[in-house]
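S.K.: First the structure, which I've put down as structure tokens, then a few questions once you've had a look.
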There are 2 protein chains.
Amino acid sequence: MISGRTHIIAHLGVPTESFKAPMIYNPYFEERGIDAVVMPMGCEAEDYPAFLRLVFRLRNIAGALITMPHKVCTVGLLDESSTTVKVCGACNAVRRDAEGRLVGDMFDGEGFVRGVLRKGRRIEGASALVVGSGGVGSAIAASLANAGARRLGLFDTRAESAEKLANRLRTHYPELKVVTDGKDPKGYDIVVNATPLGMNDGDPLPADVNRIDPSTFVGEVVMKQEETPFLAAARARGCMIQVGTDMLFEQIPAYLEFFGFPSTTPEELRRLAKIRY
Amino acid sequence: MISGRTHIIAHLGVPTESFKAPMIYNPYFEERGIDAVVMPMGCEAEDYPAFLRLVFRLRNIAGALITMPHKVCTVGLLDESSTTVKVCGACNAVRRDAEGRLVGDMFDGEGFVRGVLRKGRRIEGASALVVGSGGVGSAIAASLANAGARRLGLFDTRAESAEKLANRLRTHYPELKVVTDGKDPKGYDIVVNATPLGMNDGDPLPADVNRIDPSTFVGEVVMKQEETPFLAAARARGCMIQVGTDMLFEQIPAYLEFFGFPSTTPEELRRLAKIRY
């Protein structure tokens, strides 16, 4: 029940029609009696810089979820950025600190990391191959680095994307070994598909599953089907796997904590969500 | 259930804590399956002119309800104003037309007018005494003029307020007879208290009830109690009366029509509202 005491989480992007966050956060807020609401706001790119500043001047703003096409632009509008934002060159969560400064973070990759850890696998000291260096691949690589990975392999069909991401990672994580020598998954502790391959029937697999060790943890960002052909093949080899929606529901608690709300488990969020995958 | 397809009615004012509109509109929208939500936004006065423009650039904005302290300031930000807005010098409803222009109106007084008409009394050709020439008194006077009243008596303890309102009415309604010769209710078809008298125990009555004819229709803006001492005294004389909350619930359909939503009756809105008076 929205009232004059309700806090707003502005969900900023355009178009808004496909937004899922309201159907995940709002049922949780209602269940827990948290007086807050995620409200989609279809802000045009040209209006966004001014609107972001002003929406954060509202007395009842609690934060903002940022999505396309504003994630990159947001970085230049922040007063303070996390290392993950700097590595990704993108931001999808903004809050106002006690001094009114805008603080940004990026939790897409944190969802992947939390899912890996919850399934009992280590990231600290591990090696990981991230296939795809676009927005979500950058976020996953940045969060793996932040979580203590020792070695990252990056691959993108646009080699320059992978190289640029590698250089940003090396700048912010000098101890991290970053390689861009292809997408052979052999020998990695973790392999993740961060490309859209698997969205459409007949897509090739993002990497050669026959070269993945059974001890490797294999993850996926594609949410279109619960288990993509890539994951199915990895599971058939004996690999532990993580589906795309795990990454989605694992990242919500990170946002809740960032905004200062009581947090919860991905399981509770999944149970309460008014969407099904 | 808020989604990416939900339309926003921004409820702009500060502080927001006492806002009632969300608890009236939102249950109605939910009941009718209208995908819209009234969302309080605590906008500071200094940010308001820029924020109003930008919030109306959102793709999913359906309109704005304007409250204190922005009602007067809004007049200067509109591309098109109703006569009522011009008479009142205040605006509490804004929508965007097909060309993106901001169109403003003011429906506080329309609620009073609709209530009078619904109770079977005429306003066209009638005389009315409006006691109090502040925001709500101005709105009632403007709406009575718009509805065809022939003669208005205005009174305010600050005589200048009544005189200024009288002059604005004369400018926009040259046929209307406007007098500012005191608050004797004798001979008026309609008498309305538009002062805060009745909010507190022991307040004097706003006008001399002994001078009100039994055939006079007597209305009230004070909502603190269902029947104020003023209304009780008028009813005891045999007058037909209108309570303050009638004016509130009668004006909501006017807003719904202005924003382009399916309209309804005050009775349905009152039944569904999550507030009780």
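The values are calculated or read from the model by the stated rules, or taken from the named source; none is laboratory data. Because the structure is a prediction, the values reported are computed rather than measured. In this analysis, Cβ positions are derived from the backbone assuming ideal geometry, glycine residues included, and neighbour counts consider all displayed protein chains.
S.K.: Just one of the numbered conditions (1) assigned to a helix (DSSP H, G or I); (2) of a type in the set (A, V, I, L, M, F, W, C); (3) surrounded by fewer than 20 Cβ atoms within 10 Å (Cβ to Cβ); (4) within 14 Å of chain B (Cβ to nearest Cβ) is not true of A:Ala45; which one?
M.R.: Of (1) assigned to a helix (DSSP H, G or I); (2) of a type in the set (A, V, I, L, M, F, W, C); (3) surrounded by fewer than 20 Cβ atoms within 10 Å (Cβ to Cβ); (4) within 14 Å of chain B (Cβ to nearest Cβ), only one is false for A:Ala45: (1).
S.K.: Identify all residues within region B:48-65 that are crowded, with 17+ Cβ neighbours inside 10 Å, facing another protein chain (nearest Cβ under 9 Å) and in contact with a strand residue (DSSP E or B) (Cβ under 8 Å, 6 or more places away or on another chain); write none if there are none. Before the answer, list the steps.
M.R.: Going residue by residue through region B:48-65, those that are crowded, with 17+ Cβ neighbours inside 10 Å are B:48, B:51-52, B:54-58, B:60-65.
Remaining after also requiring facing another protein chain (nearest Cβ under 9 Å): B:51, B:54-55, B:57-58, B:60-61.
B:Phe51, B:Val55, B:Leu58, B:Asn60, B:Ile61 - these are the residues of region B:48-65 that are crowded, with 17+ Cβ neighbours inside 10 Å, facing another protein chain (nearest Cβ under 9 Å) and in contact with a strand residue (DSSP E or B) (Cβ under 8 Å, 6 or more places away or on another chain).
S.K.: Here's something else I'd like to know. Looking only at region A:108-117, decide whether some residue is of a type outside the set (Phe, Trp, Tyr) and assigned to a loop (DSSP other than H, G, I, E, B).
M.R.: Checked against the condition, which is being of a type outside the set (Phe, Trp, Tyr) and assigned to a loop (DSSP other than H, G, I, E, B), region A:108-117 yields no hits at all.
S.K.: Scan region A:206-222 and tell me whether some residue there is surrounded by fewer than 18 Cβ atoms within 10 Å (Cβ to Cβ), in the same structural domain as A:Val131 (by TED's automatic domain parsing) and hydrophobic (A, V, I, L, M, F, W, C).
M.R.: The answer is no, given that none of the residues of region A:206-222 is surrounded by fewer than 18 Cβ atoms within 10 Å (Cβ to Cβ), in the same structural domain as A:Val131 (by TED's automatic domain parsing) and hydrophobic (A, V, I, L, M, F, W, C).
S.K.: Between B:Gly42, B:Gly63, which is within 23 Å of A:Tyr48 (Cβ to Cβ) and touching a residue at least 60 places away in the same chain (Cβ under 8 Å)?
M.R.: On the way: B:Gly42 fails: touching a residue at least 60 places away in the same chain (Cβ under 8 Å).
Exactly one of B:Gly42, B:Gly63 is within 23 Å of A:Tyr48 (Cβ to Cβ) and touching a residue at least 60 places away in the same chain (Cβ under 8 Å), namely B:Gly63.
S.K.: In region A:71-84, what residues are closer than 20 Å to A:Arg57 by Cβ and in a loop (DSSP other than H, G, I, E, B)?
M.R.: Those that are closer than 20 Å to A:Arg57 by Cβ and in a loop (DSSP other than H, G, I, E, B): A:Gly76, A:Leu77, A:Leu78, A:Asp79.
S.K.: Continuing with this model, one more query. One residue is enough: does region A:53-66 have a residue meeting the conditions within 30 Å of A:Arg170 (Cβ to Cβ) and under 15 Å from the mean Cα position of the chain (by Cα)?
M.R.: Scanning region A:53-66, I find at least one residue that is within 30 Å of A:Arg170 (Cβ to Cβ) and under 15 Å from the mean Cα position of the chain (by Cα), so the answer is yes.
S.K.: If you don't mind, there's one more thing I want to ask. Can you run down the residue pairs with Cβ atoms below 6 Å, 6 or more apart or on separate chains, where the first is in region A:220-233 and touching a residue at least 24 places away in the same chain (Cβ under 8 Å) and the partner is crowded, with 19+ Cβ neighbours inside 10 Å and small (Gly, Ala, Ser)?
M.R.: If the second residue must be crowded, with 19+ Cβ neighbours inside 10 Å and small (Gly, Ala, Ser), the pairs left are A:Glu220/A:Gly244; A:Val221/A:Ala194; A:Val221/A:Gly244; A:Val222/A:Gly198; A:Val222/A:Gly244; A:Met223/A:Gly244; A:Thr228/A:Gly198; A:Phe230/A:Gly198.
S.K.: Let me confirm something: among B:Gly137, B:Gly100, B:Gly120, B:Gly111, which residue is out of contact with any helix residue (DSSP H, G or I) (no Cβ under 9 Å at 6 or more places or on another chain) and either closer than 27 Å to B:Ala10 by Cα or in contact (Cβ under 8 Å) with a residue 40 or more places away in the chain (or both)? Before you say what the answer is, go through the steps one by one.
M.R.: Values: B:Gly137 fails: out of contact with any helix residue (DSSP H, G or I) (no Cβ under 9 Å at 6 or more places or on another chain); B:Gly120 fails: either closer than 27 Å to B:Ala10 by Cα or in contact (Cβ under 8 Å) with a residue 40 or more places away in the chain (or both); B:Gly111 fails: out of contact with any helix residue (DSSP H, G or I) (no Cβ under 9 Å at 6 or more places or on another chain).
After ruling out the rest, the residue left standing is B:Gly100.
S.K.: Just need a number here: residues in region A:222-255 that are part of a loop (DSSP other than H, G, I, E, B) and within 21 Å of A:Ala149 (Cα to Cα).
M.R.: Qualifying residue count, region A:222-255: 2.
S.K.: Can you pull out every residue in region B:1-24 that is more than 8 Å from every other protein chain (Cβ to nearest Cβ) and closer than 20 Å to A:Phe19 by Cα?
M.R.: Those that are more than 8 Å from every other protein chain (Cβ to nearest Cβ) and closer than 20 Å to A:Phe19 by Cα: B:His7, B:Ile9, B:Ala10.
S.K.: Still on this model: Being farther than 20 Å from B:Arg114 by Cα and not in a helix (DSSP H, G or I), is that true of even one residue in region B:138-149?
M.R.: no
S.K.: Output the residues belonging to region A:25-42 that are more than 9 Å from chain B (Cβ to nearest Cβ) and surrounded by fewer than 20 Cβ atoms within 10 Å (Cβ to Cβ).
M.R.: Hits for region A:25-42 are A:Glu30, A:Glu31, A:Arg32, A:Gly33, A:Ile34, A:Asp35.
S.K.: Go through A:Val87, A:Val94 for me and flag whichever is under 17 Å from the mean Cα position of the chain (by Cα) and part of a helix (DSSP H, G or I).
M.R.: Just a single option satisfies the conditions, and that option is A:Val87.
S.K.: Within region B:185-221, work out how many residues are within 17 Å of B:Arg114 (Cα to Cα), of a type in the set (A, V, I, L, M, F, W, C) and assigned to a loop (DSSP other than H, G, I, E, B).
M.R.: Total meeting the criteria: 2.
S.K.: Which of the residues spanning region B:1-42 are outside any helix (DSSP H, G or I) and of a type in the set (Asp, Glu)?
M.R.: Result: B:Glu17, B:Asp35.
S.K.: Could you say whether any residue in region A:189-199 is over 26 Å from A:Gly104 (Cβ atoms), touching a Cys at 6+ places or on another chain (Cβ under 6 Å) and of a type in the set (Val, Ile, Thr)?
M.R.: Among the residues of region A:189-199, not one is over 26 Å from A:Gly104 (Cβ atoms), touching a Cys at 6+ places or on another chain (Cβ under 6 Å) and of a type in the set (Val, Ile, Thr), which makes the answer no.
S.K.: Right, next: A:Met68: within 14 Å of another protein chain (Cβ to nearest Cβ) and more than 30 Å from B:Glu46 (Cβ to Cβ), yes or no?
M.R.: yes
S.K.: Can you tell me how many residues within region B:206-248 are among the aromatic types (Phe, Trp, Tyr) and on the phi > 0 side of the Ramachandran plot?
M.R.: Within region B:206-248, residues that are among the aromatic types (Phe, Trp, Tyr) and on the phi > 0 side of the Ramachandran plot number 0.
S.K.: Can you find even one residue in region B:158-175 that is assigned to a loop (DSSP other than H, G, I, E, B), surrounded by 20 or more Cβ atoms within 10 Å (Cβ to Cβ) and in contact with a strand residue (DSSP E or B) (Cβ under 6 Å, 6 or more places away or on another chain)?
M.R.: No, region B:158-175 contains no residue that is assigned to a loop (DSSP other than H, G, I, E, B), surrounded by 20 or more Cβ atoms within 10 Å (Cβ to Cβ) and in contact with a strand residue (DSSP E or B) (Cβ under 6 Å, 6 or more places away or on another chain).
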